[in-house]
Structure formats: structure tokens, C-alpha cells
Amino acid sequence: MSNLVKRQSRQLKKRRPFGLFLVIVAWSLIMGWLFASATSVYSAAPTSEIGTVDVVSAQYKLGQELYIENCAKCHIAIPPQALPTQTWKNLLEDSQHYGVQLKPLVDPSRILVWRYLANFSRSQLKDEETPYRLDKSRFFKALHPKIDLPRPIQISSCVSCHPSAEEFNFRRLSAKWENSN
């Protein structure tokens with residue numbers, strides 16, 4: 001009988017590590033899922049409600065609002081992603097804006113707008129010429145692959161494909177583009 005007890009004891013010892021392993025894996029999966037759902041930026045708002053190209057965190061929200069407020073007075077405010085950081089820097093520093101004299105932004109508004117634009121725009125290549133028109137921007141071209149864009153590209157023509165562009169929503173597309181592959 002002692003052999004039977006020893007054999008059962010060995011089987012129980014073999015099962016303990018496997019059972020402990022299953023408990024640890026289950027615990028890890030549950031905690032990972034809870035952590036991911038608690039920290040997900042995208043779970044806060046569905047894509048259709050985000051509007052802009054990127055989700056803007058609270059630290060850049062005021063800069064985005066100031067950018068839209070100042071630029072959308074005269075034309076549709078384009079997303080920072082369409083032009084490189086250097087273009088935005090030059091535009092903020094120059095009061096001559098495409099042939100129009102502008103009242104320049106002053107600090108702290110200028111700093112907030114710059115932080116927003118610098119964070120959401122892209123860097124340009126070392127030997128790349130700084131583009132000042134959308135049709136010269138490789139980023140704009142990359143965001144619009146296989147699209148026959150009108151010549152010349154004008155900011156007002158954005159609405160033809162992005163009907164909510166005036167509300168700074170470039171995710172919503174016209175029916176023609178929404179259903180295209």
C-alpha cells in the first residue's frame with residue numbers, strides 16, 4: 001500500500017507545476033486585457049467621431065484649437081501631417097502668408113500652435129527642399145495615393161473629397177471615395 005501512496009504523491013507533485021502555470025497564464029491574460037482596455041486611446045471615441053487624422057491628446061488640444069481658429073478664418077485648416085515640420089515653422093515665423101500680410105501669432109498662442117504642429121507634422125529629408133504648396137509635399141502625396149488630384153491643388157478643393165474638411169474632419173470622405181478601393 002505504501003507504493004500506491006508514493007505513486008499518487010508523485011502524480012500530485014507533477015500536476016502542481018502545471019496547474020500553477022495555468023493559473024499564472026490565465027491571470028496574465030486577464031490583467032493584460034484589463035490594462036489594454038483601460039489605457040486605450042481609441043476606446044474613448046469611435047473613429048467616426050475623432051475627425052482629425054490623429055487623436056490629439058489634452059496637452060496639444062488647445063494648440064489645435066488655436067491653429068484651427070487662426071487658419072480657418074481665411075481657408076480650410078489643413079492637417080499638420082500634410083506638410084513637413086520645417087514648412088510649418090517657416091509659416092509661423094513669417095507674417096507674409098502666400099502674398100497676404102497677416103497679423104502674427106504672439107506668445108503664448110504661437111508656442112501652443114507650434115507644439116501642436118511640430119508634434120503632428122513629419123520631418124523632412126536632409127536634402128529635401130522645403131515645400132510651401134501641397135502638390136510639392138511628399139507627405140500630401142503619400143496621404144493621397146493613386147488619386148488624380150486637380151491642378152493646381154487648392155485648399156478649397158479639399159471639400160470635394162472631404163465634405164467635413166471645414167470642420168477639420170478629414171476622415172469622412174464623400175460617397176464616391178468612401179466606396180472606392
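The values are calculated or read from the model by the stated rules, or taken from the named source; none is laboratory data. Remember, it's a predicted structure, so these values are computed and weren't measured experimentally. Positions of Cβ are generated from backbone atoms using ideal geometry, with glycine treated the same way; all protein chains shown enter the neighbour counts.
Within the stretch 145-181, if we keep just the residues that are outside any loop (DSSP other than H, G, I, E, B), over 20 Å from the mean Cα position of the chain (by Cα) and modelled with pLDDT of 80 or more, the residue that is nearest to Val55 (Cα to Cα) turns out to be Val159. Taken over the stretch 103-119, the criterion of being in contact with a helix residue (DSSP H, G or I) (Cβ under 7 Å, 6 or more places away or on another chain) and in a helix (DSSP H, G or I) is satisfied by Ser109, Arg110, Leu112, Val113, Trp114, Arg115, Tyr116, Leu117, Ala118, Asn119.
Against the list (1) closer than 26 Å to Pro163 by Cα; (2) buried (at least 18 other Cβ atoms within 10 Å of the Cβ), the condition Leu112 fails is (1). Does Tyr98 satisfy the condition of being in the same structural domain as Leu143 (by TED's automatic domain parsing), of a type in the set (Phe, Trp, Tyr) and more than 18 Å from Phe170 (Cα to Cα)? Here the answer is yes, as Tyr98 does meet what is asked.
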